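Here's the structure we're looking at; comments come further down.
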Ligand code: RAM
């Protein structure tokens with residue numbers, strides 16, 4: 001028998017406040033048997049959990065689709081909750097019971113439904129240049145017993161709400177960062193439990209955040225506006241069915257909050273003496289609480305309001321410091337043992353007016369002193385002024401810090417580690433991936449990659465989380481998205497970001513360097529950065545089978561390639577404009593950030609690649625004319641590329657590692673030139689004693705190319721290389737995150753530079769993709785995306801005796817673990833989720849007859865559909881289930897070409 005479990009709506013379990021009027025439903029088939037697949041399903045949607053009022057039903061529908069199922073002719077209504085359940089039929093015709101009931105609830109879908117007004121503290125109270133944050137409050141009376149209540153809210157700036165003295169929800173940094181002039185997200189909260197019959201009060205804290213605070217490095221402020229404002233509506237339904245609406249309007253009051261300064265980069269200053277006890281409760285007496293003034297209604301549009309797309313930022317983990325020590329300079333410093341992003345919550349006791357300060361840093365310098373120069377202008381400073389008396393607990397609200405070390409100033413002499421907690425915050429994406437292998441240093445690298453993601457997925461994919469930058473660099477996002485999609489479910493997160501990318505895209509198709517675009521007026525559209533417009537939606541499609549993202553982004557994707565086509569005189573080459581090139585490549589001229597690989601070469605290679613992906617997207621969306629046009633365009637670019645950059649005898653005109661890697665990765669060469677390029681690449685690596693010279697552009701593809709073109713052993717040598725430059729060099733230096741520079745810290749403990757030296761920069765963490773795809777062997781199939789079909793093709797290599805990867809796909813868990821012993825006994829453990837099928841490649845196998853599956857002969861095993869003997873090993877077609885293949889291999893594995 002089998003069951004239906006794991007119901008999701010728009011990727012989320014029981015979400016509240018979604019914006020997709022045509023939500024998509026996913027479920028899993030759960031069974032102990034092998035070879036389970038779905039032949040039909042039935043979905044029911046009701047207005048109540050008991051299904052008394054069924055609103056929509058699919059009826060029995062013949063289909064094997066169980067992921068992102070669109071509901072035909074179903075249109076969800078604003079603010080409504082829907083209950084749903086699913087049952088299915090398997091390949092034997094058996095019917096499952098109904099799943100447990102799940103629900104989703106819509107947010108406010110259209111801007112016209114907002115009857116609330118934008119309100120702010122009067123400028124006389126808080127002028128634009130004032131640093132303190134405002135409070136806004138209102139008392140109200142509820143006439144009856146509350147059946148249920150929803151709060152819909154957003155802000156210009158950041159907001160945090162309280163109802164009757166209690167915090168509303170567990171989201172942080174709301175309403176999130178978007179291209180605010182185009183999209184401002186609204187959040188929905190179920191506040192039924194927080195309300196009382198009779199007197200109630202609601203209060204809001206506002207913070208500058210990305211809206212008004214400092215952004216980027218040229219002291220820019222007020223990028224979106226200078227006045228913080230709030231808009232919310234509270235809908236209360238009484239037990240007798242009547243409704244009441246409490247909205248922001250001029251009946252609210254405003255005051256200055258204890259937050260005296262609040263900045264994303266610089267931190268927060270909080271004066272606890274200015275707290276207004278009970279200010280968000282009905283008992284609070286405004287007249288006697290000084291400084292309240294009527295809030296003012298301000299003019300600001302509502303047309304950009306949309307329910308939140310991605311998961312909110314939440315508190316994820318709490319770390320305790322591992323040490324408190326004094327540096328040679330005499331600084332008192334806490335060590336959290338991990339470069340983390342979030343903030344420190346602390347307890348302190350002292351007299352009123354005492355000020356304590358926390359400074360945050362990622363590393364210590366050569367002498368072991370607290371080091372903040374690499375933060376550039378970002379102060380990362382938390383100041384707290386005690387109200388005095390009892391022990392006080394504090395944590396900031398509207399800022400975050402990237403740090404491992406915290407310098408303490410003004411604290412009492414006697415301190416307990418217990419009094420400090422590192423609170424890790426990031427977008428609450430579902431964790432999906434796990435990777436481990438026999439080499440502990442590689443496992444630490446994997447850990448560092450994961451922490452790079454945690455630190456830089458705080459609502460927007462950022463380059464780094466600590467210095468005066470923290471921006472949505474398009475190139476970095478493009479480089480890392482595939483790795484991120486193994487580690488966590490990033491579909492909602494990137495769906496949100498891609499909407500902003502499209503909003504900030506120029507009318508000519510150009511793409512800003514960062515999204516949301518806060519570098520306006522500067523240059524834009526660098527190759528490999530702007531290509532995020534195409535690579536990111538395509539990656540989401542392949543990893544999740546999400547066709548809608550291609551539909552939504554198609555115009556943006558095509559606009560980007562048309563932009564490139566317009567540049568320069570030759571429409572098939574891209575040889576004009578500014579480019580970051582192979583950013584931070586080690587073959588750069590001394591003092592330069594740009595690696596040696598010719599910029600036109602990189603630009604044209606990415607142009608070809610993007611056009612090839614746009615062509616595929618056109619095919620999937622049944623746009624056959626476009627498909628033909630992009631096919632032709634691709635052929636012309638590839639031909640122009642070869643004419644410009646490949647000599648008549650097949651040598652690449654650009655003799656760098658990155659050049660060979662890009663030409664091979666994007667399939668731009670004919671067979672003869674391919675052979676020369678891979679030889680050249682191996683030669684370059686050998687000359688460098690298996691060290692890379694690649695920068696941001698070449699590094700993500702380097703190992704893929706080696707493993708795919710018969711040089712898998714070289715890929716392992718690079719992975720396992722411990723001397724600089726290599727992925728493991730920072731690990732040997734104690735790194736707990738990925739560094740921006742291969743030599744962020746040099747052998748002698750000195751820094752390569754102070755200007756651009758982030759110790760939490762995920763770009764080089766893109767090797768994670770190769771670790772899952774090649775070392776563990778878990779691969780997607782473009783023709784059946786989202787792991788509907790899976791390829792399991794691990795390529796073992798010298799230096800590892802086992803490797804294991806697992807991945808929570810929308811269908812369930814995929815797992816692949818291989819191990820080999822000294823005498824050549826190989827095992828491969830594979831788990832394939834229900835309603836999918838896999839193509840499994842056994843590396844280094846001899847004859848079929850010598851392979852066992854869970855102890856029996858291979859052919860006889862249930863779930864196995866077919867076995868193909870190939871020159872380089874066996875290929876097995878298998879249905880869902882867990883399998884153990886065992887055979888005798890050879891000690892040094894040869895490489896296996898990618899399937
Ligand atoms: C740096 C950023 C980012 C990179 C750009 C080109 O400032 O940190 O990682 O994409 O430069």
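Values in this text are rule-based calculations from the coordinates and carry no lab data. Quick caveat, the model's predicted, so the values are computed rather than measured. Neighbour counts are summed over all protein chains in view; Cβ atoms, including those assigned to glycine, are modelled from backbone coordinates with ideal geometry.
Helix 440-456 and the longest principal axis of the C-alpha atoms of the chain enclose an angle of approximately 40°. Taking each DSSP H run with n ≥ 4 as -39500 (n - 2.57) and averaging over every residue of the chain yields -6500 deg cm²/dmol at 222 nm.
As a length-normalised measure over Cα pairs under 8 Å and 6 or more apart, the relative contact order of the chain settles at 10 percent. Please work out the Cα center distance from the stretch 445-474 to the stretch 590-621, rounded to the nearest Å. A separation of 23 Å, based on Cα centres. So the label point goes 7 Å from the Cα of residue 366 along Cα→C-beta, right? Which residues of the stretch 726-745 then have their backbone N under 19 Å from it? Residues 730, 733-734, 741-745 fall inside that zone.
Values of log10 I(q)/I(0) for the chain across q = 0.08, 0.10 Å⁻¹ run -0.79, -1.22, by the Debye formula with one identical scatterer at each alpha carbon and no solvent. Seen through its C-alpha gyration tensor, with square-root eigenvalues sorted a ≥ b ≥ c, the stretch 555-613 comes out prolate because a/c lies at 1.5 or above while a/b is bigger than b/c. Between 0 and 90 degrees, the angle of helix 532-544 with respect to the longest Cα principal axis of the chain falls at about 80 degrees.
Working from label points 7 Å from Cα in the Cα-to-Cβ sense, the residue 326 to residue 409 distance is 1.8 nm. With R₀ fixed at 35 Å, the C-beta to C-beta distance from residue 170 to residue 576 puts the FRET efficiency at about 0.10. If the chain linking residue 783 and residue 14 were pulled fully straight, counting 0.36 nm for each residue of separation and taking away their Cα-Cα distance, it would gain 273.8 nm. Placing R0 at 30 angstrom, the Cβ-Cβ distance between residue 182 and residue 130 gives a FRET efficiency of 0.60 after rounding to 0.05. Expressed as a fraction of 2.2 N^0.38 Å, the value expected for a compact globular protein of N residues, the C-alpha radius of gyration of the stretch 591-712 is 1.11. The angle between the Cα long axis of helix 671-687 and the longest principal axis of the Cα atoms of the chain comes to about 70 degrees, rounded to the nearest 10.
Taking a ≥ b ≥ c as the square roots of the eigenvalues of the Cα gyration tensor, the stretch 409-519 is classed as oblate, since a/c reaches at least 1.5 and a/b does not exceed b/c. Listed by Cβ neighbour count within 10 Å, with the fewest neighbours leading, 610, 880 appear as 880, 610. When Rg and the Kirkwood radius Rh are both evaluated on Cα atoms of the stretch 749-818, their ratio Rg/Rh stands at 1.16. Taking every C-alpha pair closer than 8 Å and separated by at least 6 residues, the mean separation divided by the residue count of the stretch 1-149 gives a relative contact order of 27 percent. Label-to-label distance, residue 48 versus residue 430, with points set 7 angstrom from Cα along the beta-carbon direction: 3.0 nm. Distance from the alpha carbon centroid of the stretch 479-518 to that of the stretch 783-813 works out to 26 angstrom. The length gained by stretching the chain between residue 671 and residue 351 to full extension, at 0.36 nm per residue less their Cα-Cα distance, is 107.5 nm.
Taken along the Cα-to-beta-carbon direction at a fixed 7 Å, the label points for residue 92 and residue 441 span 5.1 nm. With R₀ set to 41 Å, the beta-carbon distance separating residue 21 from residue 569 gives a calculated FRET efficiency near 0.35. Cα centroid separation, the stretch 672-713 to the stretch 333-407: 44 Å.
Counting neighbouring Cβ atoms within 10 Å and putting the fewest first, the residues 247, 86 line up as 247, 86.
Taking 0.36 nm per residue of sequence separation and removing the Cα-Cα distance, the residue 288/residue 625 pair yields an extension gain of 114.1 nm.
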